[in-house]
Amino acid sequence: MLVEVVQDQAALSERGGAIVAAQVRRKPHSVLGFPTGSTPLGVYERLIDVHRHEGLSFSQVTTFNLDEYVGLPTSHEQSYHHFMWSRLFDHLDVDPARVHTPRGTAEDLEGFCAWYESQITDAGGIDLQILGIGANGHLAFNEPGSSLASRTRVKPLTQKTIHDNARFFEHEDQVPRSAITMGIGTIMDARRLLLLATGVAKADGIKATLEGPITAMVPATIVQLHPHAHVLIDRAAASKLEYRHHDGVAEPV
Ligand code: PGA
């Protein structure tokens with residue numbers, strides 16, 4: 001595990017963008033896994049910059065998103081499909097046929113999840129999976145207690161997540177009750193992981209993830225078993241780490 005601590009959110013965006021851009025430069029037909037959330041937004045802005053100002057093409061890239069609310073059409077402003085297109089894909093030269101987001105309105109959700117897995121396999125597997133992390137250590141919608149071997153499936157949202165996400169909707173009743181999410185096993189199959197976290201609100205989750213025992217109660221702890229996990233965090237997110245000399249730490253915090 002490579003743990004890299006940078007100064008702040010701006011530095012993380014710069015560095016995260018450079019890592020993803022380097023992957024695409026090295027392998028133009030890379031398969032990338034993308035998260036939604038506030039953490040990767042600066043990384044996405046950096047990728048748009050690199051495309052616009054350095055001419056990096058994403059036309060051969062294949063993408064898979066981690067998750068999507070069940071029941072929201074792709075046009076819904078709170079759908080993760082809408083988030084990804086408005087924040088990233090609309091501003092790059094991606095081939096829409098190579099962009100995959102889980103379809104929350106699929107009639108046969110179980111069948112869709114199996115199909116999504118098969119699409120990842122057919123694409124040759126994910127080269128680089130970018131990840132955010134919840135304050136409780138969740139990955140995508142794999143909340144505490146999720147099987148560490150899980151595959152893409154429908155998961156009910158916890159009451160806490162429904163409550164937390166209500167701020168994006170007019171009323172808490174409008175928050176979907178379940179989501180399609182890649183499983184922990186699906187995420188672990190990626191060749192490389194890039195886990196991003198900023199801010200003191202993530203410090204406990206990062207400490208548990210990097211220094212705690214591997215447990216389904218903190219799903220992100222599974223990254224300890226990944227052969228190529230790069231954890232990129234800012235000083236605030238690193239502030240509760242006891243061991244300051246993780247393999248590859250760029251500087252002491
Ligand atoms: P955030 O969400 O990037 O908005 O903090 C991350 C997550 O909950 O996985």
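The values are calculated or read from the model by the stated rules, or taken from the named source; none is laboratory data. Remember, it's a predicted structure, so these values are computed and weren't measured experimentally. As a convention, Cβ positions derive from the backbone with ideal geometry for all residues, glycine included, and neighbour counts pool all protein chains shown. Side chains included, ligands, DNA and RNA excluded: accessible areas come from the protein's heavy atoms. Shrake-Rupley method; radii C 1.70, N 1.55, O 1.52, S 1.80 Å.
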Suppose each label sits 7 Å from its Cα in the direction of the beta carbon; what would the S147-E211 distance come out to in nanometres? 3.3
How much accessible area per residue does the chain have, counting only protein heavy atoms and a probe of 1.4 Å, in square angstrom? 44
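Kindly give the semi-axes, whole Å and largest first, of the ellipsoid equivalent to the chain, taking each as the square root of 5 times a Cα gyration tensor eigenvalue.
Semi-axis lengths for the chain are 25, 23, 18 Å.
Local charge sum around A197 (other residues, Cβ-Cβ under 15 Å, Lys/Arg +1, Asp/Glu -1)? List each step's numbers first, then the result.
On the way: positive: R15, K202, K207, R235, K240; negative: E4, D8, D204, E211, D234.
In short, 0.
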GluC sites (Glu not before Pro), restricted to the range 160-252: which are DSSP loop and have at most 10 other Cβ atoms within 10 Å? E170, E242
Spatially proximal lysines relative to K240 (Cα-Cα < 21 Å; intrachain offsets below 8 disregarded): K202, K207
Rolling a 1.4 angstrom probe over the protein chains, ignoring ligands and nucleic acids, what is the accessible area of W85 in square angstrom, nearest 10? 50
